[in-house]
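I have placed the structure first, in the form of structure tokens, so that the comments after it can refer back to it.
The values are calculated or read from the model by the stated rules, or taken from the named source; none is laboratory data. This is a predicted model, so every value here is computed, not measured. As a convention, Cβ positions derive from the backbone with ideal geometry for all residues, glycine included, and neighbour counts pool all protein chains shown.
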Amino acid sequence: MGRLTGKVAFITGVASGMGRAAAKLFAAEGARVVGCDVNQSAAQQTVSEVRRAGAQMVTYGPVDLGSPAETKKWISDGLAETGGIDILYNNAGGARFGSFGELSQEDWAFTLHHEVDLVFYATQAAWPHLIARGGGVVINTGSAVAVRGNPNMGFAAHAASKGAIVAFTRQLAAEGAKHKIRANTVLPVRLARRRLQ
């Protein structure tokens, strides 16, 4: 425990799922967590759980990460609260699914906006502050379909967006190295349950 003591972690999408789990874990490891979500009431529940455990977290919202202006304001508000940023975890996103032959242009555009643009806006807003800090980490949420197809699900838009995130993260790592900024993509895999016989 305490691996993140003294660090400040900004995490998007903290109202539920992986974002909530990350906020609780990072805080338990000693980080001060700055969260955001479009669902402010659920995000506040995450804050309550973190604080009940004796850790530190604030959240802002509702924040529309699809707006560059709102994203920059979240970063600046969090910096005013904490004085710096060491970790940016781009977790928030949204996707629409459908078999490729039936996928609408609207659903394609929605998915790429919510899974690529949001990551770009948040990272670009945080980037100069990570440089000023003398380095840090950017963590992006990817997916297993970024590196392998799934014949049973309509993941074309999701696969394209998460493939873009993998490539984007590589480029961040390349450009960030001279600033001591690391970049990594997490590729969650849903494990199939096996019935024991």
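Could you identify the single residue in T5, T46 that is among the hydroxyl-bearing types (S, T, Y) and either surrounded by 15 or more Cβ atoms within 10 Å (Cβ to Cβ) or part of a helix (DSSP H, G or I) (or both)?
Being among the hydroxyl-bearing types (S, T, Y) and either surrounded by 15 or more Cβ atoms within 10 Å (Cβ to Cβ) or part of a helix (DSSP H, G or I) (or both) holds for just one of T5, T46, which is T46.
Which one of the conditions (1) more than 30 Å from N150 (Cβ to Cβ); (2) modelled with pLDDT under 95; (3) part of a helix (DSSP H, G or I) does R51 fail to meet, given that it meets all the rest?
(2)
Given the conditions (1) in contact (Cβ under 8 Å) with a residue 60 or more places away in the chain; (2) within 16 Å of A27 (Cα to Cα), which single one is not true for R96?
Answer for R96: the failing condition is (2).
Could you check how many residues of region 29-39 are closer than 17 Å to K7 by Cα and surrounded by 17 or more Cβ atoms within 10 Å (Cβ to Cβ)?
The number of residues fulfilling the criteria is 5.
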